[in-house]
Amino acid sequence: MHEKAWLSRIATNKCLDYLKRAERRIIPTKDEYFLMQKDKDPSPEANILEAEAKKQLYDRCSQLKTPYRDVALDYFYKQLSVAEIASKTGKNYKTIQTQIYRAKAMLKKTYLEGGQLYGT
C-alpha cells in the first residue's frame, strides 16, 4: 500500500514539474510582451494622474459629515473592507454597509456638481 502512494506522489510531482517547465517555454508575442511591460511599470503620467485622483478623493471624503467621513476615508481611500472597518470602529457590519452606501451617494453628488466624474 505504501508503494502505491509513493508512486502516485512521484507521478504527481513529475506532472507538476512538466507544467512548470511548459510555462517557461512559452515565448510571448510582441503584443503580449508590451501588455506585460505595461502592467509592470506605470508611466510617470499615470503615476501623477493617480496621485491627483487620490488627493481629490481624500479631499472630497474629508468634506463629508462625521460618521460618513471616517467610513468613506477607510473604505474608499484606505481600501479597508467592511469587516475591517466594523472591527476597527466596533460598529455593526450592516451599519457600516449603510454608511458606505450613503457616503458613496454623497461623493457621487459632489463629483457630479464639480464636473469631475469620469465618463461624464
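The values are calculated or read from the model by the stated rules, or taken from the named source; none is laboratory data. This structure is a prediction, so every number in the text was calculated from the model and none was measured. Every residue, glycine as well, gets a Cβ built from its backbone with ideal geometry; the counts of neighbours run over all protein chains shown.
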Residues of segment 79-100 being aliphatic (A, V, I, L, M) and assigned to a loop (DSSP other than H, G, I, E, B), which ones? LEU80
Could you tell me which residue of segment 72-120 is surrounded by the fewest Cβ atoms within 10 Å (Cβ to Cβ), considering only residues that are among the β-branched types (Val, Ile, Thr) and modelled with pLDDT under 90? THR120
Counting only residues in segment 6-65 that are among the hydrophobic types (A, V, I, L, M, F, W, C) and not in a helix (DSSP H, G or I), the one modelled with the highest pLDDT is identified as LEU64
